[in-house]
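The values are calculated or read from the model by the stated rules, or taken from the named source; none is laboratory data. From a predicted model like this one, the values you see are computed outputs, not experimental measurements. Don't worry about glycine lacking a Cβ; one is built from the backbone with ideal geometry, like all the others, and counts go over all protein chains shown. These area figures cover heavy atoms from the full protein model, side chains too; ligands, DNA and RNA do not enter into them. Shrake-Rupley method; radii C 1.70, N 1.55, O 1.52, S 1.80 Å.
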Amino acid sequence: MCGGTQIITASWDRTAVLADGETGEQISLLAGHDQELTDVQAHQTQRLALTSSKDTTFRLWDFRASAMTVNVFQGHTQQVTSAVFSSGDKIVSGSDDRTVKVWDMRNMRSATAAIRTDSEVNRLSVSHNHNIIAIPHDNRNIRLYDMHGVRIGRLPRNNRQGHARMVCAVAWSDNNNTACNLFSCGFDRQVLGWMVNLQGKE
């Protein structure tokens, strides 16, 4: 969590736990999901967390006030594989229902953008510097979209580049000045580093 003294974990026991990062002592038990949790994300600068679940929902946990509040997002028809924070009070969620949706935290009744994909979506990532969504798929593709749901590009997938099996997760490295700004891992037991030209969106 922001501040660096607390850790949040998610489990197949259908709960998440907020714990002290130094002592390991439990601070809060986050219960309410009907099935196993698939992912958890903490906000970079605010005391907020997201949990994703096989129960087709994801939840926004707000620790900013003395009494914790929770909001439930019900925009998917199959398990939510990940939900992540983006800049400008936006949340991006991905699901096995082959959709990625963009939400505004200030109006959570319906998504502001929806992306239809041709394969199940795994753990996605959003570049906070450029607001570009990287979406890993079961069919080995990694596709890039903007926050309006417009497709920008696709990472190479051939014998020399890309994954040989499904891509299970991606992660932007916005503050990395080395040769890679996006990392991906797959069921082919490989982690690949990519340099994506975000200025030219190529």
Worksheet entry | Förster radius 25 Å - calculated FRET efficiency between Arg160 and Arg116, Cβ distance, rounded to 0.05 | 0.30
Worksheet entry | Stretchable slack from Asn139 to Ala179, in nm (0.36 nm times residue separation minus alpha-carbon distance) | 11.8 nm
Worksheet, complete the sentence: For His128, placing the label point 7 angstrom along Cα-to-beta-carbon and taking region 1-29, residues whose amide nitrogen sits under 14 Å are 1-4
Response to the item:
Taking a probe of 1.4 Å and leaving out DNA, RNA and ligands, region 1-151 shows per residue an accessible area in Å² of 47 Å²
Worksheet entry | Centroid-to-centroid separation of region 67-81 and region 1-21 [C-alpha atoms, Å] | 17 Å
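Give me the percent of DSSP beta bridges within region 64-202 that run antiparallel, rounded to the nearest 5.
95 percent
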Worksheet item: Under unit Cβ charges (Lys, Arg +1; Asp, Glu -1), what dipole magnitude, rounded to 20 debye, does the chain have relative to its Cα centre?
Response: 740 debye
Worksheet entry | Answer label, with P(r) over Cα pairs in 5 Å bins from 0, in percent calculated from the coordinates and candidates [x] 1, 6, 11, 15, 16, 15, 11, 6, 4, 4, 4, 3, 2, 1, 0, 0; [y] 1, 6, 11, 13, 12, 13, 12, 10, 7, 6, 4, 4, 2, 0, 0; [z] 1, 8, 16, 19, 20, 16, 11, 6, 2, 0, 0 | [z]
